[in-house]
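Peer 1: Below: one structure in structure tokens.
The values are calculated or read from the model by the stated rules, or taken from the named source; none is laboratory data. As the structure is a computational prediction, the values presented were derived from the model and not from experiment. Cβ placement follows ideal geometry from the backbone for every residue including glycine, while neighbour counts extend to all protein chains displayed. These accessible areas exclude ligands, DNA and RNA; they are computed on the full protein's heavy atoms, side chains included. Shrake-Rupley method; radii C 1.70, N 1.55, O 1.52, S 1.80 Å.
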Amino acid sequence: MTYLCKTYTYLYMKRSHVNTCTLGNNELECFKFLSEEDIKLIEENSVMVDYDRGENICKQGAFASHIMVLHEGLAKIYMEGCNETLIIKILPAVNLIGLPFLNDSSNLFFYSAKAYLDSKVQLIDINAFKTILNRNAPFAAKIVSMLGENTVTAFGRFFCLTKKQTYGRLADILLCLSNRIYKATCFPLQLSRKELAELAAMSVESTTRILTKYKDDGLIRMDAESIEIIDIERLTLISQNG
């Protein structure tokens with residue numbers, strides 16, 4: 001089995017269930033509200049940067065000088081402390097990084113972002129971004145909506161990590177990758193076992209064991225290159241019930 005297996009997008013997920021790892025459905029509709037003047041301001045105050053897999057996009061504790069647009073790739077947002085890390089969410093292209101730092105009370109990043117895959121990121125000067133927010137009400141309203149979605153996702157993420165058992169957490173991650181990142185039931189296995197374990201807050205050994213269990217039970221097909229979810233309903237029930 002390779003990534004050339006079926007790649008149709010599915011919409012089976014029950015309304016009561018929300019994947020908690022990402023904001024993967026965002027297409028940056030806020031930029032549709034920019035005027036020609038706004039676009040010119042961004043062009044004059046931004047730069048495009050390529051990041052290699054594993055490279056830091058921003059670092060917790062550094063000055064928050066830019067809002068970042070992830071145009072290509074995949075990134076994780078995480079917090080660090082006491083020699084531990086906690087993944088807040090993962091972001092596919094196209095998404096914004098750094099919206100919480102529009103708060104005038106702090107000019108430091110309180111989380112880090114790292115490229116899971118080779119990524120292309122546009123760095124927009126935060127003061128230019130704030131100027132547009134102050135003069136463009138529809139754009140600002142969309143940004144507020146996105147911040148609200150960020151909050152909902154963060155709450156769901158913490159509920160998943162603190163209340164769900166290991167089987168439910170890993171099922172949640174697989175559904176999230178399928179439904180919100182790759183938008184396909186069959187997707188490439190671009191994350192290592194260690195990275196999947198990190199997302200689900202589990203050990204690598206537990207992650208490998210549960211993936212094998214899911215495969216043996218007919219929930220997924222998996223090889224070295226890809227994963228295919230073949231029983232969405234049962235996997236969703238596992239995710240919901242924890």
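Peer 1: Straight-line reach from Lys164: which aspartates and glutamates have a Cα under 17 Å away, not including same-chain ones fewer than 8 places off?
Peer 2: Here the aspartates and glutamates satisfying the reach criterion relative to Lys164 are Asp172, Glu198.
Peer 1: What distance in nm separates the simple spin-label points at Thr151 and Asp104, each placed 7 Å from Cα in the Cβ direction?
Peer 2: 2.0
Peer 1: Summarise the accessible area of segment 115-242 (1.4 Å probe, protein heavy atoms) by the percent that is carbon and sulfur.
Peer 2: Carbon and sulfur atoms account for 54 percent of the accessible area of segment 115-242.
Peer 1: Next up: Given an 8 Å cut-off on Cα distances and at least 6 residues of separation, report the relative contact order of the chain as a percent.
Peer 2: For the chain, the relative contact order is 27 percent.
Peer 1: Which order do the peptides 200-209, 116-125 take when ranked by the mean count of other beta-carbon atoms within 10 Å per residue, highest first?
Peer 2: So the peptides 200-209, 116-125, ranked by packing, come out 116-125, 200-209.
Peer 1: Would you mind calculating the gained length between Phe63 and Leu237 on full extension (0.36 nm times residue separation, minus the Cα-Cα distance), in nm to one decimal?
Peer 2: 58.4 nm
Peer 1: Hey, can you find the accessible area per residue of the chain for me, probe 1.4 Å, expressed in square angstrom?
Peer 2: Each residue of the chain exposes 49 Å² on average to a 1.4 Å probe.
Peer 1: What helices does the chain hold that run 24 Å or longer along their axis, going by alpha-carbon atoms, with a Kyte-Doolittle average of -1.0 or more, using DSSP H for the helix calls?
Peer 2: Helices meeting the span and hydropathy rule in the chain are 137-163.
Peer 1: With label points built 7 Å along Cα→Cβ from the Cα atoms of Arg53 and Thr85, find their separation and express it in nm.
Peer 2: It is 1.5 nm.
Peer 1: While we're here: Using the charge dipole of the chain (Lys, Arg: +1 at Cβ; Asp, Glu: -1 at Cβ; taken about the Cα centre), state which of Met48, Cys176, Tyr214 has its Cα farthest towards the positive end.
Peer 2: Tyr214
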